[in-house]
Structures are given as structure tokens and as C-alpha cells.
Amino acid sequence: MRDAKRLAAIRKLPCIRCGNPNSQAAHSNSAKHGKGRGIKADDAFTVPLCHSCHSNFDQYELGSRQESEKLFERWLVKTEVMLSKRDDEAF
């Protein structure tokens, strides 16, 4: 499922790995999140990563596939907390 609003909010967050303020919406590389050959995972499974960290993540330079999935799961939890704090600040 595509969610332009979520992707825009993700891009406003700093990189979840290094803190770089210029982040991209990085999708999960896991089939359990809808990733397939030539198909991006559901937008609900995105985290903010800068260009360098995004590239390292996608190329499995941060660990094996299994390690990367665990890392992504932790990032996803942290991202949801960051997004909810931003929502709280708006009110």
C-alpha cells in the first residue's frame, strides 16, 4: 500500500542510523513486509535513512539479511515513536 503522507513525514525525520538531517524513506527489504522481486514493501514499513545509510542497508553492508531484518525492526519501532512525538507537538 502506498502512503504519500507517511513518506513525506518520514523524510522530515533525521536518519535513524547516523542522525543526518537529509533522509530518505527507506523501505523494508523483507518479504514479510510485502517486498518482492521488483516490488517495494508496503509504505507502512519505512524508516528515515540518509543516502549513505540507505545504500549500505540495501546492499547488506550492515550485516546479513537476518541481521538487517532485526536492525530494521528496531528502527521501525524507533521511527514510530519519532512520528508520534511529532504528532504530539502539533497539538
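What number of residues in the stretch 50-60 are farther than 18 Å from Gly19 by Cβ and out of contact with any helix residue (DSSP H, G or I) (no Cβ under 8 Å at 6 or more places or on another chain)?
Residues flagged as farther than 18 Å from Gly19 by Cβ and out of contact with any helix residue (DSSP H, G or I) (no Cβ under 8 Å at 6 or more places or on another chain) within the stretch 50-60 amount to 2.
Can you tell which of Val81, Val77 is within 11 Å of the chain's Cα centre (by Cα), in a helix (DSSP H, G or I), of a type in the set (A, V, I, L, M) and surrounded by fewer than 19 Cβ atoms within 10 Å (Cβ to Cβ)?
It is Val77.
Just for the stretch 46-60: of the residues that are over 11 Å from the mean Cα position of the chain (by Cα) and either modelled with pLDDT of 95 or more or β-branched (Val, Ile, Thr) (or both), which one is nearest to Leu83 (Cα to Cα)?
Only one residue tops the list, namely His51.
Taking into account only those residues within the stretch 1-31 that are among the hydroxyl-bearing types (Ser, Thr, Tyr) and under 10 Å from the mean Cα position of the chain (by Cα), which is modelled with the highest pLDDT?
It comes out as Ser23.
The values are calculated or read from the model by the stated rules, or taken from the named source; none is laboratory data. A quick note: this is a predicted structure, and the numbers were derived from the prediction, not measured. Methodologically, a virtual Cβ is constructed for each residue, glycine included, from the backbone with ideal geometry; neighbour enumeration extends over all protein chains shown.
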